1. Inside the stretch 289-300, can you point out the residues that are open to solvent by less than 30 Å² (accessible area, probe 1.4 Å) and among the aromatic types (F, W, Y)?
2. So is N229 on the phi > 0 side of the Ramachandran plot and exposed (fewer than 15 other Cβ atoms within 10 Å of the Cβ) or not?
3. Can you confirm whether the stretch 276-283 contains a residue that is part of a loop (DSSP other than H, G, I, E, B), open to solvent by 50 Å² or more (accessible area, probe 1.4 Å), touching a residue at least 12 places away in the same chain (Cβ under 8 Å) and among the charged types (D, E, K, R)?
4. Quick check on my filter: what residues within the stretch 301-354 are open to solvent by 50 Å² or more (accessible area, probe 1.4 Å), touching a residue at least 12 places away in the same chain (Cβ under 8 Å), assigned to a loop (DSSP other than H, G, I, E, B) and of a type in the set (D, E, K, R)?
5. Would you check if there is a residue in the stretch 179-186 being more than 24 Å from S349 (Cβ to Cβ) and either in a loop (DSSP other than H, G, I, E, B) or touching a helix residue (DSSP H, G or I) at 6+ places or on another chain (Cβ under 7 Å) (or both)?
6. Of all residues being of a type in the set (F, W, Y) and modelled with pLDDT of 90 or more in the stretch 303-339, which is farthest from the chain's Cα centre (by Cα)? Just the residue, please.
7. Only one residue in I207, I197 is in contact with a Pro (Cβ under 9 Å, 6 or more places away or on another chain), hydrophobic (A, V, I, L, M, F, W, C) and assigned to a strand (DSSP E or B). Which one?
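The values are calculated or read from the model by the stated rules, or taken from the named source; none is laboratory data. If you're wondering where the values come from, they're calculated on a predicted model, not measured in any experiment. With ideal geometry, Cβ positions are generated from the backbone for all residues, glycine too; neighbour counts draw on all protein chains shown. Surface accessibility is based on the protein's heavy atoms, side chains included, excluding ligands, DNA and RNA. Shrake-Rupley method; radii C 1.70, N 1.55, O 1.52, S 1.80 Å.
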Amino acid sequence: MSLIPKFIITAKDYIVKLFSESRWLPIVSSLTLLIIFFLVTEYFLLDQKQKEGTWLYYLNSISKIALTGGFFTMFLKMFQFAGVVEEIILSEKFYSRLEDSRGKQLNEIFNSDKFSEKIGETLNGVLFDSKYLKKDKGLDKIWRDVTTCFIQDEFPDIHKSLSEKLKNIYFNDNFLNFYYENWNDTYTVKVIDGTYIQLTKSSSYYIKRKNTEKFSFSTSFRVDKDVYNKVPSVIEFSRILVDSKDIKNLGVISEEPLNKEVQIKEEEIYKQFDVDLEGKTSYFVEIETKMIYPFISEYEEFYFYTKKIVNNINVELIYDKNEIIYKFVEIGLENFEKKNKFDKPTTTSDMFSYKGLFLPENGGYKFYFKLKNFTMQKGGGGTM
């Protein structure tokens, strides 16, 4: 082997060893070549470089990119050889400090009042949002529990009896199965033989259901028995229609309350109509009832109340003001709006309206009828 090839091999090995062991030589030498190439193409060959499309123009552009990348590589290499990456970024101590810092920040966030308030608002928003409550099969229990807790806090001395009362009224299936919409009552009053009142009540309203399953619907009346032995007291269901269909023969008419809790006095007569309905969520009901009973007291009363919710109610009274004097009294907190519909020589019509909800056992009305120049003892009638 000649001396020159041996020298070349030795020089090559030396250069490779030098570049592999040195921290800075690869970087410095690369940058030096890039700078020289950049200066030559940028300044010494300025005229040729400016000619777009020439090979020198493209080499000059490449040199700028390479020079920029070279500086970036130099800094990375410098950090690597200086041990910055290994000692700072990749060290366990760095991660330990990062975890400590992050843990402290998280603890500060989680333990802050603002975070607790925000979490509470979010949870309440989810728990009590209507779209979530509607999916809860135990919604009636939630309602009962919330109401009971409220009563216990607000009325601790009577919360047990009040809770039981509300449970019997609002939390039983009979109350929740439907409500009445747009109830209209028209009363036509006449006097018979100077001592009896004939009261014809025409009612119409919608029954609103939450489903189409079978349910029981009923209506009932009571009046005083005859005490003069002239005209027998009467309760007669003249017409019962549901969605314009006569259902009088489909139901059951009884003269005693089916509900044993309803008490009838010995001096009263009672009549109740019951029928099962199904297949719809809305029913239009029309009922006409004729009643005859004696004037016993100075003011003979007739009252209305319901064990269901009623949304909006209108009452009309048609009477002869030459025979009858009356008083209209609200039961509960609801205030009716009164107006005169018409006033003729022998017939007068007065209207009473309430827009809003009647709640069970909390709303209704009474009529007190009086014959002119007539005074006697106690009596009355009513509907439920």
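1. Answer for the stretch 289-300, where residues must be open to solvent by less than 30 Å² (accessible area, probe 1.4 Å) and among the aromatic types (F, W, Y): Y293, F295.
2. yes
3. Taking every residue of the stretch 276-283 in turn, at least one turns out to be part of a loop (DSSP other than H, G, I, E, B), open to solvent by 50 Å² or more (accessible area, probe 1.4 Å), touching a residue at least 12 places away in the same chain (Cβ under 8 Å) and among the charged types (D, E, K, R).
4. K307, K321, E323
5. no
6. Among those that are of a type in the set (F, W, Y) and modelled with pLDDT of 90 or more, it is Y319.
7. Result of the check over I207, I197: I197.
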